[in-house]
Amino acid sequence: MSDLFERPPFRVVTFGHINPIPLMRENILSFFSIGKKIALDFLLPPVCLSCFAPTGQAKLLCTQCFAQLSFISEPFCPLCALPLPFSLDPPPTTLLKTETPSNPASPCPSCEQAPPPWAQARAALLYDEAAKKIILPLKYADRTELAPFLANILAMVGKDMLSQYHALVPVPLHKTRLRQRYYNQAALIGHSLSKVTGLPLIVDGLIRNKKTPSLEGLNRQERTIIMTDAIHINPQRQAALLNKKIILIDDIMTTGATLTACCQALAPLTEYKPAILVMARTPPPDIARPYKESLT
Ligand SMILES: [Zn+2]
Ligand SMILES: [Zn+2]
C-alpha cells in the first residue's frame, strides 16, 4: 500500500535514545501542510471532478455525477466484461486452475464462440456519456488529476483480480502520440493504481512501434488489421515480464483489438494469459439502451 494511505498525519514524539528533532520537524511540517490544505480549501474550494460543482472533499465526484455512472456489476462476462442477463442458475463449480476469474459467471455466447487471448477482463463502467466526462478529459485535456480517482475505482472493482497477478502493464502509445499528449493516460492510471495496490507497474513493458490511425468508428475486423504487429515487448523489460502474471491497464475497451495485440506480444514470454482491467467498456449498440433503461 502507498505510504500516503498508511502514514498518519502526526507521529508521537518520544524522548528516549531517539533524537526528537527530526520527528518534531516532521510533525511541524505535517502541521503546516494541513494548514496549507485548509487555506487552499478556503481560497479554492474543492469541486466535483466532472461538473465542477462545489463538493465537501477534493478529488471526488459530486453525488449527482457519481449517481449517473453505470457501474458494471455481476453478472458480467468474465472475458469481455459486458453485462450479462441476470440468471438464478448456480455458478459453474469447475474453474480454471491458474487463471481463476474473479467473476464466476459463464462467458457470453460471443466469447464462448471466439474466446479472446486473455484470461479474464473487468471494466468498471459502461462507456456512456457520464463515463466520457471523467475519462476523455484525462485523455485529451491534460486533466491528469483524474488519474488517481479513476485508479481508486479500478482498485475497488478489480480487487479480486489484482490479488491474483504479479504486475501492471499499461497499453502503450506510439512515441509520436506520446510527444503530442506528453503522457500516456493508461500509464498514469496504472501509476496511481500501483501506488494504491503495491503491485509493480512496468510502465514501458510494451512498446507501440507502428503508428496507427485513430481506431474510432472502425469495426473489430478493421481494428484487428490495423493493430496487427503494432505492439511489441520492450527488449529491456524482457526479464521483468518473464513468466509474470500481467494485468493490462487501459482507459477504454471497445472491440479489444489493441488489447489482443498486447496479449499476442506478451505470449512468448509467459505461460499465463494476461488479465484486462479497464475503466470503461463500450457496449454494443443493442445492449446500451436496455441496460441504461433497466437502471432508471
Ligand atoms: Zn458533479
Ligand atoms: Zn463475453
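Bear in mind that the values in this text are calculations on the coordinates, not laboratory data. Predicted, not measured: the structure shown is a model, and the values here were computed from it. A quick note on method: Cβ atoms are made from the backbone with ideal geometry, for glycine too, and the neighbour counts reach across all protein chains shown.
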**Request:** Show me 158-171, 243-256, 129-142 ranked by packing, highest mean number of other Cβ atoms within 10 Å first.
**Result:** 243-256, 158-171, 129-142
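Determine, from the Cβ-Cβ distance of A67 and K159 and an R0 of 25 Å, the FRET efficiency 1/(1 + (r/R0)^6), rounded to the nearest 0.05.
Details: r = 22 Å, r/R0 = 0.88.
Once rounded, the FRET efficiency stands at 0.70.
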**Prompt:** Around L201, which amide H atoms from residues at least 5 apart in sequence, or from another chain, sit under 5 Å from its own amide H, with H modelled in the peptide plane?
**Reply:** L168
**Prompt:** From the cross-link list K132/K273; K59/K195; K211/K245; K244/K273; K245/K273; K59/K139, which pairs have alpha carbons spaced over 19 Å apart?
**Reply:** K132/K273; K211/K245
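Could you compute the FRET efficiency for E271 and R179, with r as their C-beta to C-beta distance and R0 at 35 Å, rounded to 0.05?
Details: r = 36 Å, r/R0 = 1.02.
The pair E271/R179 has a calculated efficiency of 0.45.
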**Prompt:** Once the dipole of the range 135-183 is set up with Lys and Arg at +1 and Asp and Glu at -1 on Cβ about the Cα centre, which of H166, F149, L138 lies farthest towards its positive end?
**Reply:** L138
**Prompt:** If you stretched the chain out fully between Q264 and A58, how much longer would it get, using 0.36 nm times the residue separation minus the C-alpha to C-alpha distance?
**Reply:** 70.1 nm
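Please find the FRET efficiency linking L43 to L242, where r is the Cβ-Cβ separation and R0 is fixed at 45 Å, and quote it to the nearest 0.05. Let's see the in-between values first.
Numbers: r = 50 Å, r/R0 = 1.12.
About 0.35, to the nearest 0.05.
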